[in-house]
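Chemist: Dumping the structure here so I can ask a few things about it.
Since every read-out is calculated from the coordinates, none of them should be taken as a lab result. Computed from a predicted model, the values in this text were never measured in an experiment. Here Cβ is always computed from backbone atoms with ideal geometry, including for glycine, and neighbour counts include all displayed protein chains.
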Amino acid sequence: MRALWEREINAGEIVVSPRPVWKCMTCPMYGKRPSCPPHAPDWREAREWVSHFRKALIIKFEIDMDDFEAEKRKAILYLLKREEELFKEGKMYAMALFPGSCNLCDDCTFERGEPCRMPTKVRPSVDAIGIEISRLVEIDFSESVLYGMLLVE
């Protein structure tokens, strides 16, 4: 995994709708991870929440599809590290949003109905809260990439 670019945007450009959440319902991970619906905040609540931010960062990650889960984990850890850096810079409400379902643990206890091992590190996925990432970036399905986001201030 490597971060290809990081782009700052006006948070007012972020479109939050039910469309990505409905797409989540077709995913085999739906309801299985704490970062996914129905465990993530509802898209209406997320739209209200996002409206209180002025800036966001979109990060595009290039990944090796042959090692998808490990590569996605590296992207998630990168986002959490950037969130911590922003917090230390005084951005108190900086919040990472994962590219898809959480996979911080090799063996997810949450999937088995047990408490999450890392509840302080889990963040909602971009799609799970209804952010239409395709309104912010041009999606090229021939690329092996993931997109994460940080809401900054």
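Chemist: Can you pull out every residue in region 35-82 that is among the charged types (D, E, K, R) and closer than 23 Å to SER17 by Cα? Talk me through it step by step, then tell me what you get.
Modeler: First pass over region 35-82, keeping only residues among the charged types (D, E, K, R): 42, 44-45, 47-48, 54-55, 60, 62, 64, 66-67, 69, 71-74, 81-82.
Correct list: ASP42, ARG44, GLU45, ARG47, GLU48, ARG54, LYS55, LYS60.
Chemist: Can you name every one of the helices (runs of 4 or more DSSP H) wholly within region 1-104 that holds 1 or more residues which are farther than 16 Å from ASP127 by Cβ, in contact (Cβ under 8 Å) with a residue 60 or more places away in the chain and out of contact with any Pro (no Cβ under 7 Å at 6 or more places or on another chain)?
Modeler: Filter on region 1-104 gives 68-88.
Chemist: Across region 105-135, which residue is surrounded by the most Cβ atoms within 10 Å (Cβ to Cβ) among those that are part of a loop (DSSP other than H, G, I, E, B) and basic (Lys, Arg)?
Modeler: ARG123
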